[in-house]
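**Q** Sharing a structure, written as structure tokens. Questions coming.
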């Protein structure tokens, strides 16, 4: 399940970085601090999204039934 979340979250962050950061920074149970480095930096969020997608795919490839 973690791999699915990582890939999906990464895709949204890659395609809509500003909207994605806005969703996480507003009253998201403490995640405001986690997304602070990405506020007004869509390029940085896109780079992180690529890493997130790659990690999710690598994790999915290692999972067994």
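The values are calculated or read from the model by the stated rules, or taken from the named source; none is laboratory data. Predicted, not measured: the structure shown is a model, and the values here were computed from it. Quick reminder, even Gly has a Cβ in these numbers, built from the backbone with ideal geometry, and neighbours come from all protein chains shown.
**Q** Need the failing condition index for residue 19 against (1) exposed (fewer than 15 other Cβ atoms within 10 Å of the Cβ); (2) free of Cβ contacts under 8 Å to residues at least 40 places away in the same chain; (3) closer than 27 Å to residue 62 by Cβ, just the number.
**A** (3)
**Q** Let me ask another. Identify, please: which residue in the stretch 56-65 is touching a residue at least 12 places away in the same chain (Cβ under 8 Å) and over 11 Å from the mean Cα position of the chain (by Cα) and is, among those, farthest from residue 17 (Cα to Cα)? Walk me through it before giving the result.
**A** Quick first cut of the stretch 56-65, residues touching a residue at least 12 places away in the same chain (Cβ under 8 Å) only: 56-57, 59-60, 63.
Subsequent filtering for residues that are over 11 Å from the mean Cα position of the chain (by Cα) retains 57, 59-60, 63.
Values: 57: 20, 59: 23, 60: 24, 63: 28 Å.
Taking the candidates together, the pick is 63.
**Q** Residue check: is residue 4 part of a helix (DSSP H, G or I) and exposed (fewer than 15 other Cβ atoms within 10 Å of the Cβ)?
**A** Numbers: part of a helix (DSSP H, G or I): yes; exposed (fewer than 15 other Cβ atoms within 10 Å of the Cβ): yes.
Answer is yes for this residue.
**Q** Is there a residue in the stretch 36-54 that is touching a helix residue (DSSP H, G or I) at 6+ places or on another chain (Cβ under 9 Å), assigned to a helix (DSSP H, G or I), surrounded by fewer than 11 Cβ atoms within 10 Å (Cβ to Cβ) and at pLDDT 95 or above?
**A** Looking through the stretch 36-54, at least one residue is touching a helix residue (DSSP H, G or I) at 6+ places or on another chain (Cβ under 9 Å), assigned to a helix (DSSP H, G or I), surrounded by fewer than 11 Cβ atoms within 10 Å (Cβ to Cβ) and at pLDDT 95 or above.
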